[in-house]
Amino acid sequence: MALLEVKDLKVRVEEREILHGLTLTVNEGEVHAIMGPNGSGKSTLSHVIAGKPGYEVTDGQILFRGEDLLEMDPDERAAKGVFLAFQYPVEIPGVATMTFLRTALNAQRKARGESEYSTPDFLKKVREVSKSLNIPQDMLKRGVNVGFSGGEKKRNEVLQMALFEPSLCILDEMDSGLDIDALRIAADGVNALRSPKRAMVVITHYQRLLNYIVPDFVHVMSRGRVVKSGGKDLALELEASGYTQFEDAA
Amino acid sequence: MPAVQETVERVKRIDVDQYRYGFETLIDSEKAPKGLSEEIVKFISQKKNEPAWMLQWRLEAYRRWLTMTEPTWARVDYPKIDFQDLYYYAAPKPKKTVTSLDEIDPEILKTYEKLGIPLREVAMLEGVEPKPGEQDPAQRKIAVDAVFDSVSVATTFKAELKKAGVIFMPISEAIREHPELVQKYLGSVVPTSDNFYATLNSAVFSDGSFVYVPPGVRCPMELSTYFRINERNTGQFERTLIIADKGSYVSYLEGCTAPQRDENQLHAAVVELVAHDDAEIKYSTVQNWYPGNSEGKGGIYNFVTKRGDCRGANSKISWTQVETGSAITWKYPSCILRGDNSRGEFYSIAISNGFQQVDSGTKMIHLGKNTSSRIISKGIAAGKSQNTYRGLVTAHRKATGARNFTACDSLLIGDKCGAHTVPYIEAKNSSATFEHEATTSKISEDVLFYCIQRGLSQEEAVGLVVNGFVKDVLQQLPMEFAVEAQKLISISLEGSVG
């Protein structure tokens, strides 16, 4: 059974149709890149999979291990293993990152009927993971993303990904706002999480990111549909020739 | 449905009638007939075996009150109160003087149990002492002066406090046992003529706490009062007086919940604090009275006058409050910074939901030289509530070098509520430095979605964001109270998002 099946998905935002019948299948262990110009519906797809309010699904299906994802609340989806790394992670003043991580992890575990982490076990785990991502301990004491640089915010997303161990990671424009060094650190973190049990959907505008996170499949989106799919070479082809060729295809 | 819209829907559906603490205790009570007159004032005074000077004081206040009118400047709206339609005195029938837990009416103890705040102090009351030198916060000592309806039913820890020289007792007892102190200080911060409700309180106050900390003494424990209003239609008129003599320190905790009522209940308390040279008083409140039902009916009317007088040089008074209950809140814990180098602080969390109306804030009156004050106010409005911060910061002509910092932040949940900030600032000398910051924000959909995507329920997400918002103030509470307050905030948010 596929991990994620998006079937003929049609989505509206305020009466305007953004996705016009999108189909995508992702299996465990695979890394898919979704590329496309601004406004092609890439971020809409990621938001709908995660369950962000404000989108109306008018047709189609999203199945996660065969279960209807659209019937679940966003927190249920998270507990099932759907993780969205945000393009713009929000700031939550007054809530220490450590507190946030622990609250979220335990909420997910509780929803799955697992025991909550004890404080020492949790601290040990966080220290391990944050060390591997080059995240200083004092960053964990600060408010969630408050005063973080772009790179720190993205690393914090990867840290959560590593802690929560989701089976599907959607990375929404992870490269936006990052310089090359920050990008490399974040991408290394992501690569370390690649596993035969975990799938990733990497959404990006530029080919650049895919030099660091090398995908198994590349899909080109235009005007709310997947217009071309291929291997990692498709990304290079796009870099050379641009998206305009697909504007007509859509 | 967008998350905020959903919150709004849920708020609409709250069954406020299921107010957790809405229950009655059936104990015999002895009440005065309805209405207010000189006879009633005499009745109250007589019930308490008060000396003549006290009765005289009450009667003067009563006569003054007759000439006053209710204040209308606050941003609150409620039907006119018929002051002749209220009871002004109710007390559990006295059995005998209480010296131990066993002697307290079991019904009253059950009430505390149901509150979910089983007397943390029960262990202490039963003589379970923490090991010497142990500073586990859960084991730290708290002395309780339990006020049930209008009469203190148990005053504990007297012996240990006595050893330190601290006087902590119901004010009705203090009037008999320490008349010289009461006469010297009562009404010296909030005069009987101060305002309509304070004057009413002066005439009919039922009971409350009295604390005196002698010079140089650091009070060995946190002093605490839980009280609830229990008698149908009974006005509750608390009167508390705390005096910290030179170089002393005391921390006082006040917490309360009230059972459900159809009729509105009037509460008009007066709290007076006096800090002499180098003394410090920390006064913390968690208030969770019945806020009214889903139509906005019932609920407590809370008209409180709280004022601290930093009478001596280098003295300090700090107010911390967490306000979640009451239909109407009219409350401005204030500091008069009379002594040179004295300091006043006000930390407040005010949460309003349903049809609650809160008009709260503080007054910092700088009279002495180099006085400083700090105001941190966090208002959270949900449902159809109105939440107003009203604050006055003033520096007298002689208050050279006065400094104030004020930060008022408001958080809105949904789009049917309102948050208002009304600062009054007056500097009568050119060396005063006043800073004022104010922000109003809505709880953002993006922030909620971020938390929910990480596995938190909507309710947990709102709780987390709000607890972050109020963190600066929660940190000011004594540890034992901070935990309780955090729970209370979550409970009141449980109510606010379904």
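Every read-out reported here was derived from the displayed coordinates using simple, explicitly stated rules and does not represent laboratory data. Bear in mind the structure is a predicted one, so any value in this text is a computation, not a measurement. Note that we place each Cβ from the backbone using ideal geometry, even for glycine, and neighbour counts take in every protein chain shown.
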Placing +1 on the Cβ of each Lys and Arg and -1 on the Cβ of each Asp and Glu in chain A, which of A:GLY54, A:LEU238, A:HIS32 has its Cα farthest towards the positive end of the resulting dipole? A:HIS32
With both partners inside the range A:4-249, how many of the DSSP beta bridges are antiparallel, as a percent to the nearest 5? 60
Step through the residues of the range B:307-313 one at a time and calculate ³J(HN,Hα) from phi using the Karplus curve (6.51 cos²θ - 1.76 cosθ + 1.60, θ = phi - 60°), rounding each to whole Hz and writing x for Gly and Pro. 8, x, 10, 7, 6, x, 5
Alpha carbons only, please: Rg and Dmax for chain A, in angstrom. 17.9, 57
Using DSSP H assignments, which helices in chain A have an axial alpha-carbon span of 15 Å or above and a mean Kyte-Doolittle hydropathy of 0.5 or higher? A:180-192
Karplus-derived HN-Hα couplings along the range B:332-349 (A = 6.51, B = -1.76, C = 1.60, θ = phi - 60°), whole Hz, x at Gly and Pro: 9, x, 10, 10, 9, 9, 8, x, 4, 6, 7, 9, x, 9, 9, 10, 9, 10
Could you check the spin-label model distance between B:ASP77 and A:ARG127? Points 7 Å from the Cα along Cα→Cβ, value in nm. 5.8
Label-point gap, in nm, between A:SER149 and B:GLU180 - each point 7 angstrom along Cα→Cβ: 6.9
Quick one: Karplus J couplings for the range B:48-59, per residue in order, coefficients 6.51, -1.76, 1.60, θ = phi - 60°, nearest Hz, x for Gly and Pro? 9, 6, 7, x, 4, 4, 5, 4, 4, 4, 5, 5
Ranking request for peptides B:174-181, A:185-192: highest mean number of other beta-carbon atoms within 10 Å first, then the rest in descending order. A:185-192, B:174-181
Taking placed amide H atoms and a strict 5 Å upper bound, the residues 5 or more places from B:ARG218 or on another chain that come that close are B:TYR249
Output the direction-averaged projected area (hull surface divided by four) of the convex hull of the alpha-carbon atoms of the range A:118-158, in nm². 2.9
Per residue of B:455-468, other chain Cβ atoms within 10 Å number on average 6
Number of partner chain Cβ atoms within 10 Å, mean per residue of A:53-62: 2
Looking at the range A:82-139, which trypsin sites (Lys or Arg not before Pro) are DSSP coil and have at most 14 other C-beta atoms within 10 Å of their C-beta? A:ARG112
Subtracting the Cα-Cα distance from 0.36 nm times the residue separation, let me have the gained length for B:GLU39 to B:SER444 in nm, one decimal. 140.1 nm
Can you give the average number of partner chain beta-carbon atoms within 10 Å of each beta-carbon in peptide A:91-97, as a whole number? 6
Dipole magnitude of the range A:4-249, debye to nearest 20 (Cβ charges: Lys/Arg +1, Asp/Glu -1, about Cα centre): 740
Sorted by chain and number, the residues with a modelled amide H under 5 Å from that of B:ASN387, at a separation of 5 or more or across chains, are B:VAL358, B:GLY418, B:ALA419, B:HIS420
Size of electric dipole in the range B:352-498: Cβ of Lys, Arg +1 and of Asp, Glu -1, about Cα centre, debye, nearest 20: 820
Looking at the range A:190-250, which chymotrypsin sites (Phe, Trp or Tyr not before Pro) are in a loop (DSSP not H, G, I, E or B) and have at most 14 other Cβ atoms within 10 Å? A:TYR206
Given the alpha-carbon gyration tensor of the range A:115-191, what are the semi-axes of its equivalent ellipsoid in whole angstrom, ordered largest first, with each equal to the square root of 5 times an eigenvalue? 21, 15, 11
Interchain or sequence-distant (5+) residues whose placed amide H lies within less than 5 Å of the amide H of A:LYS10 are A:GLY21, A:LEU22, A:THR58, A:ASP59, A:GLY60
Packing-ranked peptide list from A:77-83, B:447-453, highest mean Cβ count within 10 angstrom first, is B:447-453, A:77-83
